[in-house]
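Presented below is the structure to which this report refers.
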C-alpha cells in the first residue's frame, strides 16, 4: 500500500491507499483530540472504495445511503479509561435464507472496517499508547430485533497485528 498525498482544502490532511482515502478534518490533527475523536467510514457498494473522515464531528455530508455502508465511531472516556465505540446499520430487507449469510458477511466487513480505522490512525497511538489496549465496541442496529447487538471487536493493538 503506497501513500500518496492528495491536494484538498487548506490545512486538511488527506492520504490515499489504493481504494481507501483518509481525511483529517481541521481543527483535528493526526495527534489530537482523543476525547470525542470521531470517525466516519463510508464504504461504497458500487465501486468498493472506502473513505474515512477523522474529526470533531461525523462527516454526514458524504452519506448516500443507497450505495454506501456507513460506520461511525468515537473515542470516549469510561470509568477512567478509553473505549472506541461505534455504530453500523444492518439492512434486513432480504429473504430469510439470505439474511444470515448477509449478516455474517457484514460482520467480516466490520472487522476489516475497524482495521482500516485503526491503521489510518496509527500515528495517534505513538502519542497516546494506552489506546492500543482500549476495547472496541460496535453497535449493530437493524429493524429486525434479532440482529441488533453490540459486538466486542478486540483492541487497536490486535487490529494492528492483523494488518
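Since every read-out is calculated from the coordinates, none of them should be taken as a lab result. Being a predicted model, the structure only gives us computed values, none of them experimental. For neighbour counting, all protein chains shown are included, and Cβ atoms are generated from backbone atoms with ideal geometry for every residue, glycine included.
Tabulated values for the structure
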{"read-out": "Spacing of the two label points (7 Å from each Cα toward its C-beta) at residue 137 and residue 107, in nm", "value": "1.9 nm"}
{"read-out": "Spin-label model distance (nm) - residue 150 vs residue 87, 7 Å beyond Cα toward Cβ", "value": "1.3 nm"}
{"read-out": "Gained length - residue 79 relative to residue 48, 0.36 nm times residue gap less alpha-carbon distance", "value": "7.4 nm"}
{"read-out": "Burial ordering of 152, 31, 58, fewest other beta-carbon atoms within 10 Å first", "value": "152, 31, 58"}
{"read-out": "Fewest-first ranking of 157, 37, 78, using other Cβ atoms within 10 Å as the exposure measure", "value": "78, 157, 37"}
{"read-out": "Taking 49, 21 and counting other C-beta atoms within 10 Å, the order from fewest to most", "value": "49, 21"}
{"read-out": "For segment 102-163: span of alpha carbons on each principal axis (Å, largest first)", "value": "41, 18, 14"}
